[in-house]
Amino acid sequence: MPAWVPSWLRDPLVHFLLIGGVLFAAYGLLGPDANDPKSITVSRDALVTFVQYRANAFQGDLFDKSLDELTAAELEALVDEYVREEALYREALAMGLDEGDYVIRQRVIQRLEFLLESGIDGGIDEDGGRAELEAFYAESSEDYREPPVYTFAHVFFNGELRGDEEAREGARQLLTELNDQGAPFSAAIGLGDRPLYFQNYIERTRDFLESHLGPDLTSALDRIEPSASTWHGPMRSPYGWHLVLLTERRPARLPRLEEIEDRVREDRDRIRVAQARRTSIDRIVEGYEVRLVGLDTETSAAKAPQ
């Protein structure tokens with residue numbers, strides 16, 4: 001965009017609002033069938049919107065492409081369905097069947113909200129907006145911080161089956177054997193009792209481990225050094241005692257933007273669409289004068305629970 005253009009005019013949100021205004025003006029002046037209620041025009045955009053609502057999935061590009069893949073018979077059937085629905089809808093409106101119907105009211109509102117969002121893609125930086133994306137990531141980086149992960153094998157001694165003391169003693173004896181042998185990660189298979197969940201945990205988060213083995217054992221993993229052959233224990237869980245070979249403990253990390261750029265871009269665009277949508281709705285609402293009849297907002301606010 002030329003340098004002489006004011007900075008506020010470069011804002012994608014301004015672009016969206018301008019596009020929205022043009023859409024509404026065009027819809028009112030040039031919209032299909034505006035002057036002939038008995039004429040139904042079936043356009044490609046109308047069919048795409050129709051199919052999206054039928055599927056309850058709003059992916060315009062996907063459905064637009066799918067139209068080209070329809071056979072002539074399938075396209076004719078789709079057009080017939082659209083015409084049937086449009087004709088019935090117009091007759092229902094002519095008969096006043098929409099009056100007082102809350103479901104229809106919500107459908108109309110939903111359609112307007114969909115129209116408001118239909119032009120938002122033009123307000124998102126088409127050139128990728130690298131600098132803006134980096135700024136967004138810097139501001140919300142904590143949302144992308146990855147938790148610490150642990151990789152280990154364990155041998156379980158069931159306290160309920162063996163009794164707590166016997167299970168602990170069995171773990172102690174086996175610990176000596178494992179470390180004397182320099183037993184590797186794979187040695188856990190077939191030893192002790194059958195684990196309630198997994199024998200091996202590969203790159204699992206703290207929350208996941210706590211849900212399986214409890215907070216005490218999980219916290220104990222932070223107090224031992226990772227090793228390829230040194231077993232630790234006995235460590236207690238709510239179910240018994242464990243011997244653990246911790247081979248990796250990766251601390252929490254903040255990935256570089258390049259590693260998760262697609263995810264960050266999707267989040268940025270989703271948030272901006274939501275913000276633009278709220279702004280458009282607020283502008284519509286601000287255009288109406290609100291009159292309260294039989295309501296005292298100050299009294300109601302005073303009675304509201306704190």
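Computed from the coordinates by the stated procedures, all read-outs in this text should not be read as laboratory data. Bear in mind the structure is a predicted one, so any value in this text is a computation, not a measurement. Neighbour counts are summed over all protein chains in view; Cβ atoms, including those assigned to glycine, are modelled from backbone coordinates with ideal geometry.
Scan the stretch 219-250 residue by residue and report those that are assigned to a helix (DSSP H, G or I) and in contact (Cβ under 8 Å) with a residue 60 or more places away in the chain.
LEU221 - this is the single residue of the stretch 219-250 that is assigned to a helix (DSSP H, G or I) and in contact (Cβ under 8 Å) with a residue 60 or more places away in the chain.
Residues ARG283, ARG270, ARG263: which one is free of Cβ contacts under 8 Å to residues at least 40 places away in the same chain and part of a helix (DSSP H, G or I)?
So the residue among ARG283, ARG270, ARG263 that is free of Cβ contacts under 8 Å to residues at least 40 places away in the same chain and part of a helix (DSSP H, G or I) is ARG270.
From the residues in the stretch 199-223 that are out of contact with any helix residue (DSSP H, G or I) (no Cβ under 7 Å at 6 or more places or on another chain) and among the basic types (Lys, Arg), which one is surrounded by the fewest Cβ atoms within 10 Å (Cβ to Cβ)?
Restricting to residues being out of contact with any helix residue (DSSP H, G or I) (no Cβ under 7 Å at 6 or more places or on another chain) and among the basic types (Lys, Arg), the top hit is ARG223.
Among the residues of the stretch 252-268, is there at least one that is surrounded by fewer than 17 Cβ atoms within 10 Å (Cβ to Cβ) and in contact with a Leu (Cβ under 8 Å, 6 or more places away or on another chain)?
So far as the stretch 252-268 goes, yes, one or more of its residues are surrounded by fewer than 17 Cβ atoms within 10 Å (Cβ to Cβ) and in contact with a Leu (Cβ under 8 Å, 6 or more places away or on another chain).
Checking LEU196 against (1) surrounded by 14 or more Cβ atoms within 10 Å (Cβ to Cβ); (2) among the aliphatic types (A, V, I, L, M); (3) not in a helix (DSSP H, G or I): exactly one of these is not met. Which one?
Every condition holds for LEU196 apart from (1).
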